[in-house]
Amino acid sequence: MADPFLSIQHVRKSFGATTVVEDFNLDVEPGEFVSFLGPSGCGKTTVLRMVAGFEEPSAGKIVVAGKDITRLKPNQRNVGMVFQAYALFPNLTVAQNIGFGLKVAGMPRADIDARVAEMLGIIKLPQMADRYPYQLSGGQQQRIALARAIAPKPKLLLLDEPLSALDAKVRVSLREEIRSIQKKLGITTIFVTHDQEEALSISDRIAVMYGGKAEQVGTPFEIYNRPATKFVANFVGTLNVLEGTVTDAASGTVRVNSQEVALKGKLNGSKSGDTLSLALRPEAISLGRQPGRDSSLSGEISEVHFLGSVIRVRVGIGGNTVSLDTFNNSATPPPAVGEKAEISFSSGDMLVLH
Amino acid sequence: MKSGKFWAWVVFALGAAYFFIPLIATVEFSMRMRRGAYSFDAYQIVLGDPRFQATFGYSVLAAFFTIILGVLIVVPAAYWIRLRLPQLRPIVEFITLLPLVIPAIVIVFGYIRMYGSNSPLPFLATDMGTNALLVIGYAMLALPYMYRAVDTGLRTIDVRTLTEAAQILGAGWGTIIGRVILPNVLIAVLSGAFLTFAIVIGEFTMASLLNRPAFGPYLQNVGANRAYEPAALAIIAFAITWGCMSLIQILSRFAPKSANRPN
């Protein structure tokens, strides 16, 4: 296997007595788009800032293209970065902002102009060259910030929650644009976000972070469908968590509210009598018995929310509540609160959390 | 409501009268040099006086160097405190306020003792050295105004993010301060510069005790020996100060509009 382009090795960061990043490890392949996903305070921005050079690791090292950059100053790293607060220079025009890094690098004026024009074309704002940042919308400013970051052809692009300050519609279109530009240029990118939808939709891989550690690193499909820890399962997507007791470890049978579910050997070493947390995604559950679904649980409908195209139903199963969505069907009235209901699912979709 | 408005106008009129009546009286008096008619004779005499031109020119030059020195000291200091040492801000603010508390006469006597011809740093042994000491003293007198103006300017921009954005694009400290920070606080720096100018033009104590041919001692000298010319000089000095203040207002309209969100 080829060496990774970016390698973060056993990195730790402490501020006084507080450790915000603990033994963080990650290898990123050339051209890969990796997202750091996690709640506020999980250390994702600190790791990004260490890669940028704004924070120095307390331990560990950071290697880019085979070169140890751990102690290099930010202006010696050839890394591009987009900030949450845009950080465009208010006194410079759009063209001057984009050309800033090129001018600092001593590029001839004609080359700077050509590169700025190329960048404005890439971000589809060719007519904005002479505007000042205050004359642009938030989305436009962030696109200029992206153009400014990639203009000097950095080895690595760092995006620190670049979409958080934008409204929902712009956020969706801009994230697609960022991904498309990243793919076109083939630039290795680290994207920090607390928005799971953003991370799932544009990443090659996601590092889900919690408490200064990477809880799981995997593709969006793996993170969503095979969460490695309870935190990842809860943080990414909506999840129904059921408490169950192992009744027969050998056959993989679990009891949930006095009903048995066969998990077919997914108990990961649990013994009979152990209590387990079992998780089911809402889309893996159907109301009523459905063909192809080998497991079922009975309960009582506790809530029904009519949302137009879908109906969100909550079913109480003993002390557990399971949430699921069903499509609205004009021929069938929605279920009523208090009705007895049976939910069905494939035992293969049920996850055992650790 | 109406009565409130009435009293507001009364207070305004009283304030305006307090400000304008002495000014008008001074203008009126300064124009009575020629018997029986108003004239600008006093102004002509003052403006034609070679000592006026020499002392005013000296003070303008001193103000120019004071501003340069003040900017060189205050801008990097205020920037660094905002960026890296915010915990030192109260201490630095206190230090910058000291010139308002310690009388100039105390400072200048301190200078004379510290930098006399027999001291290891004999600033006062030469004219050039004394001029330099005067400029240093003026920079210190203007410190409360310059520091506050620059610090207020820095508050309007996201210093940390702009610095980091410039750093990651390859900029060193000189480029960051010269191309990113200074242009964005230029109006604040100019405000501080004009306040410094106004202070230096009218300053008497330091210039007099250091025996420098500045405008302040000239004003005092003319005031002690003439009748109408001091009034004309007072009006000229007032016009210069007011002109400086107006320039601050005009220039502030050209301040770069910040597109960055504050911290």
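Every number in this text was worked out from the coordinates using simple rules, so none of it is lab data. Nothing here was measured: the structure is a model prediction, and the numbers come from that model. Quick reminder, even Gly has a Cβ in these numbers, built from the backbone with ideal geometry, and neighbours come from all protein chains shown.
Within a 10 angstrom radius of the beta carbon, how do A:153, A:340 rank from fewest other beta carbons to most?
Least to most surrounded, the residues fall as A:340, A:153.
Which residue, A:100, A:187, A:211, has the largest displacement toward the positive end of the dipole of segment A:6-235 when charges sit on each Cβ (Lys, Arg +1; Asp, Glu -1)?
Highest projection toward the positive end goes to A:100.
Sorting B:7, B:173 on the 10 Å Cβ count, fewest up front, what's the list?
The fewest-first ordering by Cβ neighbours comes to B:7, B:173.
I'd like to know how segment A:240-353 sits against the 2.2 N^0.38 Å rule of thumb: what's its Cα Rg over that expected value?
In units of the 2.2 N^0.38 Å rule of thumb, it is 1.09.
When Lys and Arg each count +1 and Asp and Glu each count -1, what net charge do the other residues less than 15 Å away from residue B:130, Cβ to Cβ, add up to?
0
Can you give me the pair-distance distribution of the protein assembly as shown, C-alpha pairs, 20 Å bins, whole percents?
Percent of pairs per bin, in order: 15, 32, 27, 16, 8, 2, 0.
Pick from B:157, B:236, B:21: which is most flexible by mean-square fluctuation in a GNM of chain B where alpha carbon atoms under 10 Å apart are linked?
B:21
Arranged by the count of other C-beta atoms within 10 angstrom, fewest first, what order do A:137, A:203, A:270 take?
Listed from fewest to most nearby Cβ atoms, that is A:137, A:270, A:203.
Taking only Cα atoms and a 10 Å spring cutoff, compute GNM fluctuations for chain A and point out the largest among A:320, A:328, A:234.
Ranking A:320, A:328, A:234 by mean-square fluctuation puts A:328 first.
Considering only DSSP beta bridges where both residues belong to the protein assembly as shown, give the percentage that are antiparallel (nearest 5).
If we restrict to bridges inside the protein assembly as shown, about 75 percent are antiparallel.
Can you give the charge dipole size of chain A about its Cα centre, rounded to the nearest 20 debye, using +1 on the beta carbon of Lys and Arg and -1 on the beta carbon of Asp and Glu?
Around 1000 debye, computed over chain A.
So if I take the centroid of the Cα atoms in segment A:186-217 and the same for segment A:1-79, what is the distance between those two points in Å?
13
Quick one: 3J(HN,Hα) in Hz for segment B:67-84, Karplus 6.51/-1.76/1.60 with θ = phi - 60°, rounded, Gly and Pro as x.
Each residue's phi maps through the Karplus curve to give 5, 4, 4, x, 5, 5, 7, 6, 4, x, 5, 5, 5, 5, 5, 5, 7, 10 Hz.
Which entries of A:169/A:213; A:61/A:183; A:61/A:230; A:103/A:155; A:67/A:103 show an alpha-carbon separation above 23 angstrom in the structure shown?
Long pairs (Cα-Cα over 23 Å): A:169/A:213; A:61/A:183; A:61/A:230; A:67/A:103.
Given contacts defined as C-alpha pairs under 8 Å and at least six residues apart, what's the relative contact order of chain A, whole-number percent?
Here the relative contact order equals 15 percent.
Across all directions of projection, what mean area in square nanometres is found for the Cα convex hull of segment B:1-75?
For segment B:1-75, the mean projected area of the Cα convex hull comes to 10.0 nm².
Is there a quick way to get the dipole size of segment A:240-353? I mean about its Cα centre, with the Cβ of Lys and Arg at +1 and of Asp and Glu at -1; what is the value in debye to the nearest 20?
Result for segment A:240-353 is approximately 140 debye, rounded to the nearest 20.
Roughly how crowded by other chains is peptide A:46-55, in terms of the mean Cβ count from those chains within 10 Å of each of its Cβ atoms?
Per residue, the number of nearby Cβ atoms from other chains is 1 on average.
Let me know the mean shielding of B:153-165 by other chains, meaning the per-residue number of their Cβ atoms within 10 Å of its Cβ.
If you average over the peptide's residues, the count of other-chain Cβ atoms is 4.
What helices does chain A hold that run 15 Å or longer along their axis, going by alpha-carbon atoms, with a Kyte-Doolittle average of 0.5 or more, using DSSP H for the helix calls?
For chain A, where a helix must reach 15 Å along its axis and average at least 0.5, the hits are A:94-104.
Could you name the aspartates and glutamates in cross-link range of residue A:44, using Cα to Cα under 14 Å and dropping any fewer than eight places away on the same chain?
Cross-link targets: A:22, A:23, A:55, A:160, A:161, A:195, A:215.
Based on the alpha-carbon gyration tensor of chain B and its eigenvalue square roots a ≥ b ≥ c, which shape applies: rounded if a/c is under 1.5, prolate if not and a/b is larger than b/c, or oblate?
Judged from the Cα gyration tensor, chain B comes out oblate (a/c at least 1.5, b/c at or above a/b).
Which listed residue (B:139, B:201, B:80) has the Cα farthest towards the positive end of the charge dipole for segment B:49-252, taking +1 on Lys and Arg C-beta and -1 on Asp and Glu C-beta about the Cα centre?
B:80
State to the nearest 20 debye the size of the charge dipole of segment B:1-80 about its Cα centre, where the only charges are +1 on K and R beta carbons and -1 on D and E beta carbons.
Charge dipole of segment B:1-80: 320 debye, to the nearest 20.
From other protein chains only, count the Cβ atoms within 10 Å of every residue's Cβ in A:80-87, then give the mean.
Neighbouring Cβ atoms belonging to other protein chains average 6 per residue here.
For segment B:40-56 and segment A:296-319, what is the separation of their Cα centres, given in Å?
Segment B:40-56 and segment A:296-319 have Cα centres separated by 94 Å.
For chain A, what does the alpha-carbon gyration tensor say about shape, rounded, prolate or oblate, given a ≥ b ≥ c as the root eigenvalues, a/c under 1.5 as rounded, and a/b over b/c as prolate?
Prolate.
Charges on Cβ only, +1 for Lys and Arg, -1 for Asp and Glu, centred on the Cα centroid of segment A:240-353; of A:331, A:272, A:317, which one is farthest towards the dipole's positive end?
So the residue furthest toward the plus end is A:272.
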